[in-house]
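Have a look at the structure below before the remarks.
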Amino acid sequence: MTSAAPEISSPVGVIAGGGAMPFAVADSLQKRGIAPVLFALRGACDPVAVERFRHHWISVGQLGRAIKLFRSEGCRDLIFIGSLLRPALSEIRLDLGTISRIGSIMSAFRGGDDHLLSGIGRIFEQDGFRMVGIRDVAPDILIPEGTIARATPDPAASADIERGRQVLRALGPFDIGQAVVVIDGHVVAVEDIEGTDGLLARVARLREAGRIRASRGRGVLVKAPKSSQDLRFDLPAVGPKTVEGVAKAGLAGMAVIAGNTIAAESQEMIAAADKAGVFIQGLPA
């Protein structure tokens, strides 16, 4: 599911978590003449990088404060972007606006990350805002189709890519993870709460421990949105750190869904892939 909005209104409210992606989105908006206003999540958003933009700090659970700020800044369109550790309900700082919506919030927590983000998005939409996705506001930071580094997948890697896509399609309805590592047709590891970086580090440890016997330079990381996912929220993302993890795990490369995967620091990522000799493949949706 994606936003059907034909036009984006300015300014856009960027609900900013951790990592470089909120700032990449804000830069992309500015290049298109759309003003971004960042609503930086305490404990997640980079306090130095956010200073480049108009911004406000909010804590997880301050829905009432957030909604007042959205309105005061004239932000009709909102986007969630960036990493955020899933908080426990007991860790949320409740304000009156949150308490008045506690039933909807508790319902949103009863599921995986996609269920949670979609549930919070619906709360904002009920208050008159419009949730939009990366494809609406910053399509230039999405991975294109095809090979985007010098290395290319060989037939064995292509077969592993297809195997990985099959596995992720099967897991999608369970709202578990967005990535899998396949080596010579064997599913070696599936993404869990540690995320993709943790997945790749786990594969590297398995290789060091002798649990993976395949030679280095074989196998792939495959990332894809979940089959039932609302594509406005939590799209898969890759960047230089992902390439570093792929190389350390001894894999041949990574394959992601073109148009549905965010490229953080794309030029640095491609340079890192060329240096490591691993491929980056954008797959048709």
* Out of (1) within 19 Å of R150 (Cβ to Cβ); (2) charged (D, E, K, R); (3) surrounded by fewer than 17 Cβ atoms within 10 Å (Cβ to Cβ), what's the single condition that is false for E208? -> (1)
* Tell me, please, whether a residue that is closer than 26 Å to E268 by Cα, in a helix (DSSP H, G or I) and in contact (Cβ under 8 Å) with a residue 12 or more places away in the chain can be found in region 217-240. => yes
* To do: Could you please let me know if S215 is surrounded by fewer than 15 Cβ atoms within 10 Å (Cβ to Cβ) and closer than 27 Å to P284 by Cβ?
  => no
* Asked: Conditions: (1) assigned by TED's automatic domain parsing to the domain that holds Q126; (2) under 27 Å from T196 (Cβ atoms); (3) at pLDDT below 90. L63 meets all but one. Number of the miss?
  -> (2)
* Would you be able to tell me the number of residues in region 157-211 that are under 18 Å from the mean Cα position of the chain (by Cα) and outside any helix (DSSP H, G or I)? => 12
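The values are calculated or read from the model by the stated rules, or taken from the named source; none is laboratory data. This one's a predicted model, so the numbers in the text were calculated from it and none came from an experiment. We place every Cβ from the backbone using ideal geometry, glycine too, and count neighbours over all the protein chains shown.
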